[in-house]
Each structure stands twice: as C-alpha cells, then as structure tokens.
1. Are there any pairs with C-beta distances below 6 angstrom linking a residue in the range 157-185 that is farther than 30 Å from R232 by Cβ and at pLDDT 95 or above to a residue that is among the acidic types (D, E) and assigned to a helix (DSSP H, G or I), with the two at least 6 apart or on different chains, and if so which?
2. Let me spell it out: the conditions are (1) within 15 Å of R68 (Cβ to Cβ); (2) among the basic types (K, R); (3) within 19 Å of the chain's Cα centre (by Cα), and R134 meets all of them except one. Which number is the exception?
3. Enumerate the pairs (first residue in the range 221-239 and touching a residue at least 60 places away in the same chain (Cβ under 8 Å) and closer than 15 Å to E209 by Cβ; second residue anywhere and of a type outside the set (F, W, Y) and assigned to a helix (DSSP H, G or I)) with beta-carbon separation below 7 Å, excluding pairs fewer than 6 apart on the same chain, so at least 6 apart or on different chains.
4. Does G36 qualify as being among the small types (G, A, S), free of Cβ contacts under 8 Å to residues at least 12 places away in the same chain and more than 20 Å from V96 (Cβ to Cβ)?
5. For the range 15-55, give me each residue that is of a type in the set (D, E), in a loop (DSSP other than H, G, I, E, B) and loosely packed, with under 15 Cβ neighbours inside 10 Å.
6. Can you tell me which residue is nearest to the chain's Cα centre (by Cα) among those in the range 55-113 that are among the basic types (K, R) and farther than 16 Å from M140 by Cβ?
7. Of these, G143, G168, G151, which one is small (G, A, S) and buried (at least 20 other Cβ atoms within 10 Å of the Cβ)?
8. Please tell me if L159 is closer than 24 Å to V192 by Cβ and either in contact with a helix residue (DSSP H, G or I) (Cβ under 7 Å, 6 or more places away or on another chain) or of a type in the set (F, W, Y) (or both).
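The values are calculated or read from the model by the stated rules, or taken from the named source; none is laboratory data. Because the structure is a prediction, the values reported are computed rather than measured. Because the Cβ atoms are built from the backbone with ideal geometry, glycine has one as well, and the counts that use them run over all protein chains shown.
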Amino acid sequence: MTASDRDATGRRRDWDATTYDRIADPMTRWGTDVLGRLALVGDETVLDAGCGSGRVTEQLLERLPRGRVVGLDAAPSMLAEAATRLARFGDQVRLVHADLLELTADTLEGSAPVDAVLSTATFHWVLDHDRLFRNLASVMRPGAALRAQCGADGNIARLLEAVSRVGGQRAGTWLYATPEDTRRRLADAGFVDVEVWTHPEPTPIDPGEPLETYLATVCLRVHVADMAEDERRQFLRRVAEAMPEPVIDYVRLNISARRG
C-alpha cells in the first residue's frame, strides 16, 4: 500500500479495517492456501508483509508455537484491528507500521534476518516491484522462503470495464505484474528456485448491499473516497448493475522463491 493510497494532499488514505475484516473471506481463503505452501518447523521468525487485519497472521502464529511473527502494514486501522485479534499471542507477534518500499533491517527492530516471508493481496499496491523484492531480500537470511500471492496482469478487468461503462475510471494506481516480469525481478533481487504462475479466482459476492460494500471497501476504495454519500451510493449501484454478474474477476499471481 503505497502511492496509490494517497489523497490529493499527499496524505496516505487509511482503510475501513473493521468493514474489511468482516468481508475479507476471499483474501483469507487465498492466504490460507499460500500459507499451506510454506514449510515451517514451528520456531521460525516470519515476516507477514501486508498483514492487514491479521486473519491470516493468526493462522500463521498458530503454526509457530515456538516462533515469532512480524506483521507489517502501512494502514494504521489495519494494525489496530490486528492488535485486537492477535492479543492472545502476546510477545510472539510484533506489529510494525511501515511501507514495504522503505523496508530495512532496522524497520523490523531486531527481528531481521527473518526465516521466511509470507504475503497475500498486498504486492499489487506496491508500485516498484524491483525495489520491493530487493528490500525483502535484505531482511531475509540466506535460504529463507518467500511465499506470496497478489493481483496479476488482467486482474478485475471485467469489473473495470463495468466502471468504464457507467462513465467512471478507477482512481488510484496499482501494479498487476506478469509472471515473466516477476521472475526477472526476483532473480535480479537475488532470489533462486523461483516459481511464478497465475490462476483465475472468480469470486461471487451476494448482490445488492454486500456487493456494493465490497466494492467500496476493497476494489473501488480510492475511487469513492472523496464522493459525497449519495453520489457514492448511486455510483456503486450503477457499477454493480453494469457488471455481467455479481462476481469479482480476480486473477492471482503466485510466487514461490528462496533468497539466494
């Protein structure tokens, strides 16, 4: 979450973390799948890069009875939500407010180098993947695993067409990368055993208020942030009606690599 989350004054836009946490079943499901690809003994230190409200972080901590997690996010409201959810883990978890493009060993306050990095639904908000992967490599021990998933090239294309049909254009910026570019960037940053692939993840959302809330909270959050309430409600309704079906046409970019 970087420049695409900033308003006209340059201030970072926060998320509605309470609503996000309530509707984040799709992101949690993806995170569970990615976590399943991460082999853990139980005593590792793991960086959750973009921990959000902590739903996947909680699952990660349950797999680390003798380990620790650093949950990093750029949104204060997400970290507040995560702090409540993860309070039972005590000092096994440290929550850090930081931007991944500014990540250094000092950011992790003594927890680097980490034994692994996990990330879901975050990297597409980071606009410089070359720098992102270099920064991650800099806080990982040699041989540490990276397991991640984010939006891929073609992500939510049909949704964006619906926005265009009602006379809008999605605000903000993001980076939906290709597998080819991602493999190159990872290799350039010093990662080995690189595997990158995509898969479609069409996600049905109940029509009406659930779909409109989901669009406002996740996909079109920046676009509607400065709209008056009536304007926002009408715009979201028009977009929902312009969609071929109440399905978010997600395409996911999967990353498996190891720091060389």
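1. R185/D130
2. Every listed condition holds for R134 apart from (1).
3. If the second residue must be of a type outside the set (F, W, Y) and assigned to a helix (DSSP H, G or I), the pairs left are F235/V224; V239/A162; V239/V163; V239/L215.
4. Yes, satisfied.
5. D43, the sole residue that qualifies.
6. Only one residue tops the list, namely R55.
7. The match here is G151.
8. Taking the combined requirement at face value, the residue does not satisfy it.
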